[in-house]
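Visitor: For reference, the structure I am asking about is given below.
We did not get these values from a lab; they are worked out from the coordinates using the rules stated. Note that the structure is a prediction, hence the values are computed from the model and not measured. Positions of Cβ are backbone-derived with ideal geometry, glycine not excepted, and every protein chain shown enters the neighbour counts.
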């Protein structure tokens, strides 16, 4: 009886700590039983891609299914499921473009990378959703919980935490769910749990939509890295996060925050400048040194000094 009371008290304490830390809704899930699997290292991938294309991609249709089926996408009449996992949607009365949807598996089969993005952008394709993922074998969820006050995000509007029966975080959603279709969200979760495996596998996914996906796709197409783009949309001012992304990323990251409040105190403005503008200038300087260009000098010459 005493053991049960102690267990319940511990669970209640963890629940209260979780609620106090995030200040938002907590959803409880029952635990599952898994089998063992091993994973190592850290991986950055494009985990979802959605774009419209003037020309329909020439992918082989999936065998043993109806070639054209009813589309599940709003405004589109029919779709084709391709052998590589891509879904092609056509028949939008307001557009003659093909809507192309690529899941994580499809992106992996096709080899979606910087060059692929550059190729479709050259063909005037419009990227409307882009998911970038960081996968690791280290449980990053407690780190995010402990660092929630250091989170900066262009998508930041709120937090929702999903926990197990012991109030251990399993999924953390960051962003305004009501505006997910326009901006996107960030989610950090137990990937092993999602797969139904007893596996140390955790992921941060940055889901970008509309102009966020369009700008990010252009950055990747011109040579920027996935960690750098992720960092510009979701940044935690903590050493552990910089270590995950790599020191080269943390010192050259771009910060394309949508709006800046001119009424902020001067010390906050200076803090933002030091965190965003200075690293960008360092990137320009490093680029000039590597390529023999003079972009940094041009920036300095364009400034007005009294």
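Visitor: Taking a quarter of the surface of the convex hull around the Cα atoms of the range 96-150, what do you get in nm²?
Guide: Numbers: hull surface 24.7 nm².
Dividing the Cα hull surface by four gives the mean projection, 6.2 nm².
Visitor: Sort the range 155-228 into rounded, prolate or oblate with this rule: let a ≥ b ≥ c be the square roots of the eigenvalues of the Cα gyration tensor; rounded if a/c is under 1.5, and if a/c is not under 1.5, prolate when a/b is larger than b/c, oblate otherwise. Could you put the intermediate results ahead of the total?
Guide: Numbers: a/c = 3.21, a/b = 1.58, b/c = 2.03.
Note, shape of the range 155-228 comes out oblate.
Visitor: When 180, 67 are ordered from fewest to most other Cβ atoms inside 10 Å of their Cβ, what list results? Kindly include the intermediate steps, with their values, before the conclusion.
Guide: Values: 180 14, 67 9.
The fewest-first ordering by Cβ neighbours comes to 67, 180.
Visitor: Counting other beta carbons within 10 Å of each Cβ, put 296, 244 in order, fewest first. Please report the intermediate quantities before stating the final value.
Guide: Working: 296 17, 244 20.
Listing 296, 244 from fewest to most nearby Cβ atoms yields 296, 244.
Visitor: Which ordering of 73, 201 is given by a fewest-first count of other beta-carbon atoms within 10 Å? List each step's numbers first, then the result.
Guide: Working: 73 14, 201 20.
Lowest count first: 73, 201.
Visitor: Continuing with this model, one more query. Calculate the translational D of the range 50-141 in whole µm² s⁻¹ from Stokes-Einstein, where the hydrodynamic radius comes from the Kirkwood formula applied to all Cα pairs, the temperature is 37 °C and the viscosity 0.692 mPa s. Don't skip to the answer; put the middle values down first.
Guide: On the way: Rh = 14.4 Å.
In µm²/s, the coefficient rounds to 229.
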